[in-house]
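The values are calculated or read from the model by the stated rules, or taken from the named source; none is laboratory data. Because the structure is predicted, anything quoted here is derived from the model rather than measured. Neighbour counts are summed over all protein chains in view; Cβ atoms, including those assigned to glycine, are modelled from backbone coordinates with ideal geometry. Just so you know, the surface numbers come from the protein's heavy atoms only, side chains and all, with ligands and any DNA or RNA stripped out. Shrake-Rupley method; radii C 1.70, N 1.55, O 1.52, S 1.80 Å.
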Amino acid sequence: MPAGGLAASSLAGARDWLLRYPYGCLEQRASRAAGLADAALWQALIDALPAYVDRDGLAQFFPVRDGREPAGSETLTAWLLMTARETGLPMPAPLRDALLGGLAAWVEGRAHREGWALRADRSAR
């Protein structure tokens with residue numbers, strides 16, 4: 001994607017669609033901010049991100065609720081870090097380090113998730 005996101009490309013239809021995009025989970029908000037190369041949307045996401053990081057350091061699609069089991073996703077967490085790096089949008093070091101710590105916990109087997117996967121994730125680690 002060009003440095004200016006969809007705004008700097010010939011994909012005006014995709015840009016217009018993202019401008020009207022009505023959904024708001026963390027992944028969708030990040031996709032919208034990155035696709036539009038919108039620093040203000042990205043900063044709003046970064047400001048809200050701590051509320052989406054579970055106790056294991058993994059990002060969730062929706063804010064963490066007290067008393068609930070961790071529901072962070074290693075895939076979403078890695079994707080957020082990659083998106084920040086690839087687009088050049090800022091990820092503050094303390095937040096980046098917390099997310100990297102969550103990924104390390106998942107890889108090392110300290111963060112377990114029961115989810116929709118058809119098989120255990122241990123071989124993927």
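Of all the criteria given as (1) modelled with pLDDT under 95; (2) under 13 Å from the mean Cα position of the chain (by Cα), the one not satisfied by Leu99 is (1).
Residues that are open to solvent by 30 Å² or more (accessible area, probe 1.4 Å) and either at positive phi or in contact (Cβ under 8 Å) with a residue 24 or more places away in the chain (or both), at least 1 per element: which helices (runs of 4 or more DSSP H) completely within region 1-106 meet that?
Working: elements: 12-20, 26-36, 39-48, 74-87.
Once the helices (runs of 4 or more DSSP H) in region 1-106 are filtered for at least 1 residues that are open to solvent by 30 Å² or more (accessible area, probe 1.4 Å) and either at positive phi or in contact (Cβ under 8 Å) with a residue 24 or more places away in the chain (or both), what remains is 26-36, 39-48, 74-87.
Can Val107 be described as in contact with a strand residue (DSSP E or B) (Cβ under 9 Å, 6 or more places away or on another chain) and at pLDDT below 95? The answer is no for Val107.
State whether the residues of region 52-75 include one that is within 19 Å of Gly24 (Cβ to Cβ) and touching a Pro at 6+ places or on another chain (Cβ under 6 Å). Within region 52-75, one or more residues are within 19 Å of Gly24 (Cβ to Cβ) and touching a Pro at 6+ places or on another chain (Cβ under 6 Å).
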